[in-house]
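Shown next, in structure tokens, is the structure this report addresses.
Readers should treat all values here as calculations from the given coordinates under stated rules, not as data from a laboratory. From a predicted model like this one, the values you see are computed outputs, not experimental measurements. Here the Cβ is made from the backbone with ideal geometry for all residues, glycine too, and neighbour counts use every protein chain on show.
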Amino acid sequence: MFELPKLSYAYDALEPFIDAKTMEIHHSKHHQTYVTKLNEALDKHPELADWSLMDLLTKINDVPQDIRKAVQNHGGGHYNHTLFWLLLNKDGQKQPSGELAESINATFGSYDAFKEQFTNSALGLFGSGWTWLIEVRSQESGVRKLQIINTANQDCPLMNGQTPIIGLDVWAHAYYLKHQNKRADYIKDFWEVLDWSSVK
């Protein structure tokens, strides 16, 4: 049985960038629903009891077809949100460092250029979904290749063999109470609470 992860900070810890009420509803209602629905789906297949969340997502095509869509939606929602919470800290590190910073600069030209491309991708995502910085490593050379992608609904890069580095929830429930329909303002505030020291 999967469980809702506890946050390491209070719901108001990201104020004024992400408001406490949005955080409370987002975590305790939306994320909890993904966990509950995932567990309900897995109850139908006890043979999956020892599969981790990573197993379920990276081997999504091996999940029984009658629950595959539910695992994709709710397992993806559980993973995506669990990662998202870990990235947030308004007092955290404001820019990447080390190898990741070098890779971002090499791929996008500069950190500011990366932020601009990521922001434009998130603004351009139609409907509900996520914007990601992902990593793909060459099996031959081991070279780290970075890309910015969007996924629909609660789809997760792991389902496509990609490694998520950072993810931004651009579902309306992530920002509507404070930012209403102003996705651009929400994305701008996201950069104020993204803690690069939490990026693995």
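Computed quantities for the displayed model
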quantity: Cα gyration tensor shape of region 44-135, rounded if a/c is under 1.5, else prolate or oblate by comparing a/b with b/c; calculated: prolate
quantity: From phi via Karplus (6.51, -1.76, 1.60), per-residue ³J(HN,Hα) for region 147-154 in Hz, x at Gly/Pro; calculated: 9, 9, 9, 10, 10, 7, 6, 10
quantity: Kirkwood hydrodynamic radius (C-alpha pairs) into Stokes-Einstein, region 20-86, 25 °C and 0.890 mPa s, D in µm²/s; calculated: 200
quantity: Spatially proximal lysines relative to K21 (Cα-Cα < 25 Å; intrachain offsets below 8 disregarded); calculated: K6, K29, K37, K90, K94, K178, K182, K188
quantity: Charge dipole (region 98-198, unit charges on Cβ, about Cα centre) - positive-most of G167, I134, T151; calculated: T151
quantity: Per-residue ³J(HN,Hα) for region 192-200, Karplus 6.51 cos²θ - 1.76 cosθ + 1.60, θ = phi - 60°, Hz, x for Gly and Pro; calculated: 7, 10, 6, 9, 5, 6, 8, 7, 9
quantity: Computed Rg/Rh of region 98-198, alpha carbon atoms with Kirkwood Rh; calculated: 0.98
quantity: Rounded to the nearest 20 debye, dipole of region 98-198 from Cβ charges on Lys, Arg, Asp, Glu; calculated: 240
